[in-house]
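Taken together, the values in this text are just the output of simple stated rules run on the coordinates, not laboratory data. Bear in mind that the values here come from a model prediction, so they are computed numbers and not experimental data. As a convention, Cβ positions derive from the backbone with ideal geometry for all residues, glycine included, and neighbour counts pool all protein chains shown.
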Amino acid sequence: MTRIVLYTTPYCGYCNAAKSLLERKGLSYAEINVSGDFAKREEMAARAFGRRRVPQIFIDDRHIGGYDELAQLEREARLDALLAELEAMPAPVP
């Protein structure tokens, strides 16, 4: 199953919009609240190529970007294709 991770903060309109979009599509996600957590924010920035604004969204460890990039993928009907592509990939061998 494809794993979706969102780094967020409370009261972030774009974070809420990203979560709503994923929920409307019936997709589950892990949410990491970086508010007041310096270590988690640093982890996010390291994974997101230095980006410090939220949300930062990852699908199967692939950095998608923020809400704008997620919404663009959805508008262009590329989000479902990306998810299907990732689901079809063989599981990594440990």
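Dipole magnitude of the chain about its Cα centre, charges +1 at Lys/Arg Cβ and -1 at Asp/Glu Cβ only, in debye to the nearest 20?
Rounded to the nearest 20 debye, it is 260 debye.
How far is helix 79-88 tilted off the main Cα axis of the chain, in degrees rounded to 10, range 0 to 90?
That helix lies at roughly 70 degrees to the long axis.
Quick one: the Cα spread of the range 34-94 along its three principal axes, in angstroms, biggest first?
Projected onto its principal axes, the Cα set of the range 34-94 covers 36, 35, 16 Å.
By how many nm would the segment from Met89 to Asn33 lengthen if fully extended, with 0.36 nm per residue of separation less the alpha-carbon distance?
Full-extension gain reported as 17.3 nm.
DSSP loop GluC sites (Glu not before Pro) in the range 1-58 with at most 11 other Cβ atoms within 10 Å of their Cβ, which ones?
In loop regions of the range 1-58 (DSSP not H, G, I, E or B), there are no sparsely surrounded GluC sites (Glu not before Pro).
Full extension from Tyr11 to Arg53: what is 0.36 nm times the residue separation minus their Cα-Cα distance, to one decimal in nm?
Answer, rounded to one decimal: 13.8 nm.
Which length gain, in nm to one decimal place, applies between Leu82 and Arg3 when the Cα-Cα distance is subtracted from 0.36 nm times their residue separation?
Answer, rounded to one decimal: 27.2 nm.
So what's the angle, to the nearest 10 degrees on a 0 to 90 scale, between helix 38-47 and the longest Cα principal axis of the chain?
Compared with the principal axis, the helix lies near 40 degrees.
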